[in-house]
Amino acid sequence: MTDVAIKKEIIKKAEGFILGIIAQHGKDISQFTDMEKTLLQQDIEAFVAGVFNAVAVAKTEQSRNSTSNLEGASAKVICADCGSNMKLRTTTKYPNKDGSPRLFWGCSKYPECKGTHSAHQNSGKPMGNPANKETKDWRVKAHDVFDEFWQKYNYSRKESYNLLNTIMGTTHETGHIAKFNMDQCKLLIKKLKAYTSKEQYVYKGR
Ligand SMILES: [Zn+2]
């Protein structure tokens, strides 16, 4: 929200409040009794408190939108769950290691849609392609099978990723389960299970 928009919002609230006061008292201020003047004073104080509250609310909204100066904020990210646009947001619920609020992409239809996607913390750019819940679940499954596999056969991290790239036809850049789509996850699980069942674990991809 811009400063001009905030001012307009306050003026709008002020007008509503003043009209309310006038209607309530229904006469000219010169005709007010001492009691009425005290009551008016209280009304004005309530009004000012209302304005300050409105400013505080507007400022919170403004800081929430301050991520818009980030490079990634101009990126177009589509929610994998419902197809709506996603917005770059911050959360203090899962802060960064330095305590700063975490940047993330959230569905513009929140709270109806709870789709989220991770963002690079320096630029705000989306990390890879947003995945829907089903894809995320398959990635977790694929990761579990993969971890179990290389632990069972005592592969190093490097060896296991070389194996993954060999059987999946991926590269150092693309060979990450976090970037896999559902079909790739299913294929990886199938291939790893085939390896395990045939005891074809002699592969050493150094
Ligand atoms: Zn969504």
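A few points about this structure:
- With the simple model of a label 7 Å out from the Cα in the direction of the Cβ, His176 to Asn122 spans 1.4 nm.
- Subset of Lys125/Lys193; Lys13/Lys97; Lys93/Lys125; Lys136/Lys193; Lys114/Lys152; Lys76/Lys191 violating a 30 Å alpha-carbon distance limit: Lys125/Lys193; Lys13/Lys97; Lys114/Lys152; Lys76/Lys191
- Extended-chain gain in nm, criterion 0.36 nm per residue less alpha-carbon gap, Val48 and Lys93: 13.0 nm
- Cut-off under 5 Å, modelled amide H: who pairs with Met127 long-range: Ser118, Ala119, His120
- Other-chain or far-sequence residues with amide H under 5 Å of Asn181's (modelled H): none
- Coupling constants for segment 102-107 follow from the phi torsions by the Karplus curve (6.51 cos²θ - 1.76 cosθ + 1.60, θ = phi - 60°), and in residue order they are 7, 7, 7, 9, x, 4 Hz; glycine and proline get x.
- Taking 0.36 nm per residue of sequence separation and removing the Cα-Cα distance, the Ser74/Lys141 pair yields an extension gain of 20.8 nm.
- 3J(HN,Hα) along segment 83-98: x, 7, 5, 9, 10, 6, 9, 10, 9, 9, 5, 10, x, 6, 4, 7 Hz, from the Karplus curve 6.51 cos²θ - 1.76 cosθ + 1.60 with θ = phi - 60°, whole Hz, x for Gly and Pro.
Taken together, the values in this text are just the output of simple stated rules run on the coordinates, not laboratory data. All values reported here derive from a predicted model rather than from experimental measurement. Heads up, the Cβs are rebuilt from the backbone with ideal geometry, glycines too, and the neighbour counts pull from every protein chain shown.
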